[in-house]
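Engineer: Below are the structure tokens for one structure; questions will follow.
Quick note: the coordinates plus some simple rules give every number you see, no bench work behind them. Computed from a predicted model, the values in this text were never measured in an experiment. Quick reminder, even Gly has a Cβ in these numbers, built from the backbone with ideal geometry, and neighbours come from all protein chains shown.
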Amino acid sequence: MSEDVILVVEDEPELADLYSGWLEQRYAVRTAHDGEEALETFDEQVEVVLLDRQLPGMDGGAVLPLLRDRKPEVQVAMVTGAEPETDVVDMGFDAYVTKPIREDDIIEVVDHLLHRRVYDDNVRELFAAISKQIALEHEHDREDLHEDPQYQYLLSKIETLREETADLAEQFDDEEFRTALSALQ
């Protein structure tokens, strides 16, 4: 088992137990059932947070910046049943996952986020922005999105980040990093 600590924040106890059960074969897992408990459970050891967007009381959108204030480099996947709207453009998560989610998908997301943490900040920001673009395009008609100023801002940001990271792939030995970065360009 890895020493990496994963925090599962899910208000439905059955789902929290299910996600934890899937992950605890590989990682140390903590759970929280609302935003306040998430903040109490979160510390410097947590590397990845699977954060439900719709929590009672303090929702995931309110919890996220508080986690980032405590540990800016923590990787956060918003795991939610909510269809993404363009408000996700301004949210600081690293991946957006729509429920229902399967075991292999949740493990893949966590593995990917753990691997991402070693990347340059610009590359991490690029991956996060593309994740937002994919989530929005999956749920909305592209013509409607192209008229939305927040979506246009997101596309512009992706293009800028792609330009800024174009030479980074050559600086790393990690074949997976080079492959992932090349696929984005």
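Engineer: Sort 140, 146 so the one with the fewest other Cβ atoms within 10 Å of its own Cβ comes first. Let's see the in-between values first.
Structural biologist: On the way: 140 16, 146 10.
In order of increasing Cβ crowding within 10 Å: 146, 140.
Engineer: So what J values fall out for the stretch 123-129 if you push phi through Karplus, 6.51 cos²θ - 1.76 cosθ + 1.60 with θ = phi - 60°, rounded to Hz, Gly and Pro as x?
Structural biologist: Karplus values, whole Hz, x for Gly and Pro: 5, 4, 5, 5, 4, 5, 5.
Engineer: Still on this structure, I have one more. Report the semi-axes of the equivalent ellipsoid for the stretch 5-184 in whole Å, largest first, where each axis is √(5λ) for an eigenvalue λ of the Cα gyration tensor.
Structural biologist: 26, 20, 15
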